[in-house]
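*Asks:* Provided herewith is a single structure, encoded as structure tokens, for subsequent inquiry.
The values are calculated or read from the model by the stated rules, or taken from the named source; none is laboratory data. Computed from a predicted structure; not experimentally measured. With ideal geometry, Cβ positions are generated from the backbone for all residues, glycine too; neighbour counts draw on all protein chains shown. Heads up: the accessible areas ignore ligands, DNA and RNA and are worked out on the full protein's heavy atoms, side chains in. Shrake-Rupley method; radii C 1.70, N 1.55, O 1.52, S 1.80 Å.
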Amino acid sequence: MTTHQSVLIVDFGSQVTQLIARRVRESGVYCEIHPYDKIEAILDSFAPAAVILSGGPASAHEDETPRALPRLFELGVPVLGICYGEMTMCAQLGGTVESGHTREFGRAEIEIRQTNDLLEGLGQIGDRETVWMSHGDKITAIPPGFDVLATSPGSPFAVIADPARRFYGVQFHPEVAHTPRGATLIRNFTHRIAGLSGDWTMAAFKDEAIARIRAQVGDARVICGLSGGVDSSVAAVLIHEAIGDQLTCVYVDTGLMRSGESEQVVSLFKNHYNIPLVHVDASADFLGALAGVSDPETKRKTIGRLFIEVFDREAAKVDGAQFLAQGTLYPDVVESVSARGGPSAVIKSHHNVGGLPDYMKLKLVEPLRELFKDEVRVLGVELGLHPDFVGRHPFPGPGLAIRIPGEITPEKVTVLQQADAIYLDEIRKAGLYDQIWQAFAVLLPVKTVGVMGDARTYENVLALRAVTSTDGMTADFFEFPWEVLGRTATRIINEVRGVNRVVYDVTSKPPGTIEWE
């Protein structure tokens, strides 16, 4: 357990609960998310310095809906309720929540009625502030001791406060980007109201993680499964700094990586970092097992199963190997035990966040499981990895398998590798790579008739996707300059046999969705 000043985030099932944690971490304060019905088990050991109650889909006026553990209001620490969190706080402390009133979804304005440390920097009395609402119920009476700090046309209690007990509630979502100064409000809560200093730094995390790894592993050997992505690579470098040559990395070439990726990984770890590396070319095994498989989740599970089999086989060759290291991140952990229905059946099939199969004799080392993606990148730079490497776009563990809807064949993989390489090359040439969160090509299971020169063709359609995001939870399509898309499409059609049409995907990624598939 961390020794930092910590905030407990109680998850009531909101799709954007993780964004609350991101905003808290951005203010330099450590926090963890735990489901509302698991708080009793961790409360004493966690000892939060402040508590945030998340939003959620339930109605606080109904019976048998989620409630905050009553002890949370007796700890003597500040509590902030967000949306449903505010409603259940009101319902539990003597207020009233009702349904059947005007709903508020989307952009709204609150009017500040009283100044308070929570609203410092958001304006003065009478000023209006843009926020993002998402609720169908309405607080009609606040508990004794609370005052109204701000209202909106649909929420007479848009911001409330009981300064004596340091209880606060907001009806909107300060964690989302659509509330422009929401991060300021959250920082006001952690620093001005809770009095936290913000002692969560990546340099401190690195030193603590190295100490934890040494204490956990002792003199045993560790096998790290390298996927070629940023997460597993940073985990490997961190573990190597902790235990040196007790670490052996296993890179499994599935045949589903981007063009040239395998060579880059081998060169980086074996030649630059001098980390013991086993390069396993299992492409024939993976492509063979995926032959005839069309269902995307079956693909993921097949790839995950083969990964485990390869690791188990390689572990048997390493004398004294007792641990398997993975680049599991905090969102993987949170989503696997979410308040939205318990352990997820589909999330991160290639990360064993629920534990390894019983037949494996390895214990897990997951040094990044407290971090979000952007924090991993900061840690990578702290460890000496080149910013260009840690700044690479996210690439899913199943690789190109989920970029080929339908059956996978070696020929399709080759076509997609070539097209994807051209796409990324043009993005870099245009100086756009760092403006994009994630860009990739998808080989659609569609063929079209076209004319190239004097010949008629019947070939594949390729989709290009690029999104902007700050956290990976929500995303919007990147507005490419037409000349860049034009050059990219022309090169793909001219240089990649098997593609005669290129389209650009302009859909957005709302909260809660995962891969394009």
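*Asks:* Tell me which helices (runs of 4 or more DSSP H) are completely within the range 368-444 and hold 3 or more residues being open to solvent by 20 Å² or more (accessible area, probe 1.4 Å) and at pLDDT 95 or above, or say none if there are none.
*Replies:* 410-429
*Asks:* Give just the number: which of (1) over 23 Å from the mean Cα position of the chain (by Cα); (2) buried (at least 24 other Cβ atoms within 10 Å of the Cβ); (3) at pLDDT 95 or above does Gly81 not satisfy?
*Replies:* (1)
*Asks:* For the range 217-257, which positions are closer than 29 Å to Ala419 by Cβ and either free of Cβ contacts under 8 Å to residues at least 40 places away in the same chain or open to solvent by 30 Å² or more (accessible area, probe 1.4 Å) (or both)?
*Replies:* Answer for the range 217-257, where residues must be closer than 29 Å to Ala419 by Cβ and either free of Cβ contacts under 8 Å to residues at least 40 places away in the same chain or open to solvent by 30 Å² or more (accessible area, probe 1.4 Å) (or both): Ser227, Tyr251, Asp253.
*Asks:* Among the residues of the range 266-276, are any farther than 15 Å from Phe389 by Cβ, within 27 Å of the chain's Cα centre (by Cα) and either touching a residue at least 12 places away in the same chain (Cβ under 8 Å) or open to solvent by 10 Å² or more (accessible area, probe 1.4 Å) (or both)?
*Replies:* Among the residues of the range 266-276, not one is farther than 15 Å from Phe389 by Cβ, within 27 Å of the chain's Cα centre (by Cα) and either touching a residue at least 12 places away in the same chain (Cβ under 8 Å) or open to solvent by 10 Å² or more (accessible area, probe 1.4 Å) (or both), which makes the answer no.
*Asks:* Within the range 447-466, is there a residue that is in a loop (DSSP other than H, G, I, E, B), at pLDDT below 90, more than 30 Å from Val176 (Cβ to Cβ) and open to solvent by 20 Å² or more (accessible area, probe 1.4 Å)? So that I can check it myself, show each step before the final result.
*Replies:* From the range 447-466, those in a loop (DSSP other than H, G, I, E, B) are 453-454; that's our starting set.
Next cut, at pLDDT below 90 only: 453-454.
From the residues that got through so far, the ones that are more than 30 Å from Val176 (Cβ to Cβ) too are 453-454.
From what's left, open to solvent by 20 Å² or more (accessible area, probe 1.4 Å): 453-454.
Yes, that holds for at least one residue.
*Asks:* Hey, another quick one. Would you call Val170 at pLDDT 90 or above, crowded, with 22+ Cβ neighbours inside 10 Å and more than 19 Å from Val51 (Cα to Cα)?
*Replies:* Against the criterion (at pLDDT 90 or above, crowded, with 22+ Cβ neighbours inside 10 Å and more than 19 Å from Val51 (Cα to Cα)), Val170 does not qualify.
*Asks:* Kindly establish whether Arg107 is open to solvent by 70 Å² or more (accessible area, probe 1.4 Å) and farther than 26 Å from Ala58 by Cβ.
*Replies:* Values: open to solvent by 70 Å² or more (accessible area, probe 1.4 Å): yes; farther than 26 Å from Ala58 by Cβ: no.
The answer is no for Arg107.
*Asks:* Could you tell me how many of the residues in the range 323-335 are modelled with pLDDT under 90 and either assigned to a helix (DSSP H, G or I) or in contact with a strand residue (DSSP E or B) (Cβ under 7 Å, 6 or more places away or on another chain) (or both)?
*Replies:* Residues flagged as modelled with pLDDT under 90 and either assigned to a helix (DSSP H, G or I) or in contact with a strand residue (DSSP E or B) (Cβ under 7 Å, 6 or more places away or on another chain) (or both) within the range 323-335 amount to 8.
*Asks:* Yes or no: Ala58 on the phi > 0 side of the Ramachandran plot, open to solvent by 10 Å² or more (accessible area, probe 1.4 Å) and among the hydrophobic types (A, V, I, L, M, F, W, C)?
*Replies:* Considered against the rule, which asks whether it is on the phi > 0 side of the Ramachandran plot, open to solvent by 10 Å² or more (accessible area, probe 1.4 Å) and among the hydrophobic types (A, V, I, L, M, F, W, C), Ala58 comes out as no.
*Asks:* Then there's this: In the range 121-143, is there at least one residue being under 27 Å from Gly28 (Cβ atoms), open to solvent by 20 Å² or more (accessible area, probe 1.4 Å) and at pLDDT below 90?
*Replies:* Checking the range 121-143: at least one residue is under 27 Å from Gly28 (Cβ atoms), open to solvent by 20 Å² or more (accessible area, probe 1.4 Å) and at pLDDT below 90.
*Asks:* Tell me, please, whether a residue that is modelled with pLDDT under 90 and either open to solvent by less than 60 Å² (accessible area, probe 1.4 Å) or of a type in the set (Phe, Trp, Tyr) (or both) can be found in the range 280-291. Can you show your working first?
*Replies:* First pass over the range 280-291, keeping only residues modelled with pLDDT under 90: none.
The answer is no; no qualifying residue exists.
*Asks:* Is it the case that Arg71 is surrounded by fewer than 18 Cβ atoms within 10 Å (Cβ to Cβ), among the charged types (D, E, K, R) and assigned to a strand (DSSP E or B)?
*Replies:* It is false that Arg71 is surrounded by fewer than 18 Cβ atoms within 10 Å (Cβ to Cβ), among the charged types (D, E, K, R) and assigned to a strand (DSSP E or B).
*Asks:* For the range 28-45, check the following and say yes or no: at least one residue is touching a Ser or Thr at 6+ places or on another chain (Cβ under 6 Å) and over 17 Å from Val79 (Cα atoms).
*Replies:* No - not one qualifying residue is present in the range 28-45.
*Asks:* Now for a different question. Could you check the range 315-329 and list, in sequence order, the residues that are open to solvent by 20 Å² or more (accessible area, probe 1.4 Å) and on the phi < 0 side of the Ramachandran plot? Give the steps one after another, and end with the answer.
*Replies:* So the first thing to find is which residues in the range 315-329 are open to solvent by 20 Å² or more (accessible area, probe 1.4 Å), and the list is 316-322.
Answer for the range 315-329, where residues must be open to solvent by 20 Å² or more (accessible area, probe 1.4 Å) and on the phi < 0 side of the Ramachandran plot: Ala316, Lys317, Val318, Asp319, Ala321, Gln322.
*Asks:* All but one of (1) in a strand (DSSP E or B); (2) open to solvent by less than 10 Å² (accessible area, probe 1.4 Å) hold for Glu32; which doesn't?
*Replies:* (2)
*Asks:* All but one of (1) hydrophobic (A, V, I, L, M, F, W, C); (2) surrounded by 18 or more Cβ atoms within 10 Å (Cβ to Cβ); (3) closer than 15 Å to Gln114 by Cα hold for Ile193; state the number of the condition that does not hold.
*Replies:* (3)
*Asks:* If only one of Ile303, Ile239, Ile308 is part of a helix (DSSP H, G or I) and in contact with a Cys (Cβ under 7 Å, 6 or more places away or on another chain), which one is it?
*Replies:* Result: Ile239 is the single residue among Ile303, Ile239, Ile308 that is part of a helix (DSSP H, G or I) and in contact with a Cys (Cβ under 7 Å, 6 or more places away or on another chain).
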